[in-house]
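Engineer: Dumping the structure here so I can ask a few things about it.
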Amino acid sequence: MPSPQTPISRRIRSFVMRAGRMTPGQERGWRDGLPCFGLHLEDGPLDWDARFGFTGRRVIEIGFGMGDSLLHMALAESEAQFVGIEVHRPGVGRLLSQLLALDCDNLRVYADDAVEVLERCVEPSSIDAVHIFFPDPWHKKRHHKRRLIQPEFIQLVTRVLRPGGYLHLATDWEPYAEHMLDVMDGAPEMSSAGGNLMKPLPRPAYRPLTKFEARGERLGHGVWDWIYYRV
């Protein structure tokens with residue numbers, strides 16, 4: 001992880017910002033939902049209980065895409081505090097649009113780089129769970145340096161997890177699953193809940209089955225779930 005003196009622009013990012021067009025609903029969600037449900041880097045460390053108005057288990061999902069899984073989990077566990085982090089505006093706009101139409105007050109959103117959010121807005125040993133589901137595998141070898149799951153990033157995740165808190169990774173790309181295992185094997189403060197490439201952990205009930213994942217299963221594609229606990 002770059003030192004605080006290293007300009008953010010010099011860090012290799014795990015994403016490429018795309019100028020995708022937003023639908024009218026996504027635009028409305030961005031415009032009207034961000035003031036209600038948005039969180040901001042410039043506000044500094046997040047006071048979770050004050051922002052949500054209650055105490056509860058704290059869960060972060062990094063790279064929530066279009067937000068379906070995150071919203072499902074937040075609705076299923078209303079007594080927990082959920083924070084989603086996503087850089088792509090259409091996905092953020094879509095989730096915010098859904099939040100405006102639902103009675104769901106336990107979910108907040110950062111439209112920012114997860115590395116910056118974890119560095120600047122999340123206190124050490126304050127999070128119960130971090131979910132990273134189907135991050136971009138960056139298939140080409142020359143792009144592997146862009147993969148989110150790297151030793152420096154896992155150090156940052158470990159820093160924000162409480163002892164006993166967990167990191168849940170999921171991927172449908174076997175080479176990335178192997179890469180994840182290699183990285184996590186080098187994280188001494190994280191303990192595996194089990195599983196291997198030949199027999200990964202079964203999908204926990206709290207992680208919903210996505211449409212993309214269901215299609216992959218019908219085609220015989222594998223999915224790997226890894227869970228690691230902070231010791």
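Engineer: Please tell me if Pro35 is under 17 Å from Val109 (Cβ atoms), surrounded by fewer than 11 Cβ atoms within 10 Å (Cβ to Cβ) and either modelled with pLDDT of 90 or more or β-branched (Val, Ile, Thr) (or both).
Structural biologist: Details: under 17 Å from Val109 (Cβ atoms): yes; surrounded by fewer than 11 Cβ atoms within 10 Å (Cβ to Cβ): yes; either modelled with pLDDT of 90 or more or β-branched (Val, Ile, Thr) (or both): yes.
When the stated conditions are applied, Pro35 passes them.
Engineer: Then there is this: Could you please let me know if Pro137 is at pLDDT below 95, touching a helix residue (DSSP H, G or I) at 6+ places or on another chain (Cβ under 7 Å) and either more than 22 Å from Glu42 (Cβ to Cβ) or of a type in the set (Val, Ile, Thr) (or both)? Quick ask: steps written out before the conclusion?
Structural biologist: Values: at pLDDT below 95: yes; touching a helix residue (DSSP H, G or I) at 6+ places or on another chain (Cβ under 7 Å): yes; either more than 22 Å from Glu42 (Cβ to Cβ) or of a type in the set (Val, Ile, Thr) (or both): yes.
Taking the combined requirement at face value, the residue satisfies it.
Engineer: Being at pLDDT below 90, surrounded by 12 or more Cβ atoms within 10 Å (Cβ to Cβ) and closer than 26 Å to Pro151 by Cα is the requirement here; does Pro2 meet it? If you could, list the steps in order and put the result at the bottom.
Structural biologist: Details: at pLDDT below 90: yes; surrounded by 12 or more Cβ atoms within 10 Å (Cβ to Cβ): yes; closer than 26 Å to Pro151 by Cα: yes.
The answer is yes for Pro2.
Residues are listed down the side, and each one gets a yes or a no for (1) touching a Gly at 6+ places or on another chain (Cβ under 6 Å); (2) under 23 Å from Arg31 (Cα atoms):
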| site | (1), (2) |
| --- | --- |
| Gly65 | yes, yes |
| Ala76 | no, no |
| Ala80 | yes, no |
| Ile85 | no, yes |
| Asp105 | no, yes |
| Ser126 | no, no |
| Asp136 | no, no |
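Engineer: Hey, could you check the stretch 83-103 for residues that are within 19 Å of the chain's Cα centre (by Cα) and free of Cβ contacts under 8 Å to residues at least 40 places away in the same chain and say which is farthest from Ile132 (Cα to Cα)? Talk me through it step by step, then tell me what you get.
Structural biologist: From the stretch 83-103, those within 19 Å of the chain's Cα centre (by Cα) are 83-96, 98-99; that's our starting set.
Those left that are additionally free of Cβ contacts under 8 Å to residues at least 40 places away in the same chain: 84-86, 91.
Working: Gly84: 10, Ile85: 10, Glu86: 11, Gly91: 15 Å.
Within the stretch 83-103, the match that is farthest from Ile132 (Cα to Cα) is Gly91.
Engineer: Here's something else I'd like to know. When the stretch 26-81 is examined, which residues are found to be polar (S, T, N, Q) and either in contact with a helix residue (DSSP H, G or I) (Cβ under 8 Å, 6 or more places away or on another chain) or under 24 Å from Glu119 (Cα atoms) (or both)? Give the derivation first.
Structural biologist: Going residue by residue through the stretch 26-81, those that are polar (S, T, N, Q) are 26, 55, 69, 78, 81.
Once the filter is applied, which keeps residues that are polar (S, T, N, Q) and either in contact with a helix residue (DSSP H, G or I) (Cβ under 8 Å, 6 or more places away or on another chain) or under 24 Å from Glu119 (Cα atoms) (or both), the stretch 26-81 yields Gln26, Thr55, Gln81.
Engineer: Mind checking which residues of the stretch 160-202 are in a loop (DSSP other than H, G, I, E, B) and surrounded by fewer than 16 Cβ atoms within 10 Å (Cβ to Cβ)?
Structural biologist: Listed by number, the residues that qualify are Gly186, Pro188, Glu189, Ala193, Gly194, Asn196, Leu197, Met198, Lys199, Pro202.
Engineer: Okay, next question. Any residue at all in the stretch 141-149 that is β-branched (Val, Ile, Thr) and either outside any loop (DSSP other than H, G, I, E, B) or in contact with an Asp or Glu (Cβ under 7 Å, 6 or more places away or on another chain) (or both)? Step through it out loud before you land on a result.
Structural biologist: Just the residues of the stretch 141-149 that are β-branched (Val, Ile, Thr), to begin with: 149.
Narrowing further to those that are either outside any loop (DSSP other than H, G, I, E, B) or in contact with an Asp or Glu (Cβ under 7 Å, 6 or more places away or on another chain) (or both): none.
No: zero hits.
Engineer: May I pose another question? Is one or more of the residues making up the stretch 146-168 more than 15 Å from Ile62 (Cβ to Cβ) and of a type in the set (Phe, Trp, Tyr)?
Structural biologist: no
Engineer: Suppose the filter is at pLDDT 95 or above, touching a helix residue (DSSP H, G or I) at 6+ places or on another chain (Cβ under 8 Å), under 20 Å from Gly67 (Cβ atoms) and not in a loop (DSSP other than H, G, I, E, B); does Leu156 pass it? Don't jump to the end; show me each part of the working.
Structural biologist: Details: at pLDDT 95 or above: yes; touching a helix residue (DSSP H, G or I) at 6+ places or on another chain (Cβ under 8 Å): yes; under 20 Å from Gly67 (Cβ atoms): no; not in a loop (DSSP other than H, G, I, E, B): yes.
Against the criterion (at pLDDT 95 or above, touching a helix residue (DSSP H, G or I) at 6+ places or on another chain (Cβ under 8 Å), under 20 Å from Gly67 (Cβ atoms) and not in a loop (DSSP other than H, G, I, E, B)), Leu156 does not qualify.
Engineer: Checking Arg230 against (1) touching a residue at least 40 places away in the same chain (Cβ under 8 Å); (2) closer than 23 Å to Met66 by Cβ; (3) basic (Lys, Arg): exactly one of these is not met. Which one?
Structural biologist: Arg230 satisfies all of (1) touching a residue at least 40 places away in the same chain (Cβ under 8 Å); (2) closer than 23 Å to Met66 by Cβ; (3) basic (Lys, Arg) except (2).
Engineer: Out of the residues in the stretch 209-227 meeting the condition of being surrounded by 16 or more Cβ atoms within 10 Å (Cβ to Cβ) and in contact with a helix residue (DSSP H, G or I) (Cβ under 7 Å, 6 or more places away or on another chain), tell me which one is nearest to Asp68 (Cα to Cα). Walk me through it before giving the result.
Structural biologist: In the first step, residues of the stretch 209-227 are kept if they are surrounded by 16 or more Cβ atoms within 10 Å (Cβ to Cβ); the result is 210, 213, 223-227.
From what is left, the residues that are in contact with a helix residue (DSSP H, G or I) (Cβ under 7 Å, 6 or more places away or on another chain) are 210, 223-224, 226.
Working: Thr210: 8, Val223: 18, Trp224: 19, Trp226: 20 Å.
Top of the filtered list is Thr210.
Engineer: Restricting attention to the stretch 69-121, report how many residues are surrounded by 23 or more Cβ atoms within 10 Å (Cβ to Cβ) and farther than 18 Å from Cys36 by Cα.
Structural biologist: Summing the residues that are surrounded by 23 or more Cβ atoms within 10 Å (Cβ to Cβ) and farther than 18 Å from Cys36 by Cα in the stretch 69-121 gives 1.
The values are calculated or read from the model by the stated rules, or taken from the named source; none is laboratory data. Note that the structure is a prediction, hence the values are computed from the model and not measured. We place every Cβ from the backbone using ideal geometry, glycine too, and count neighbours over all the protein chains shown.
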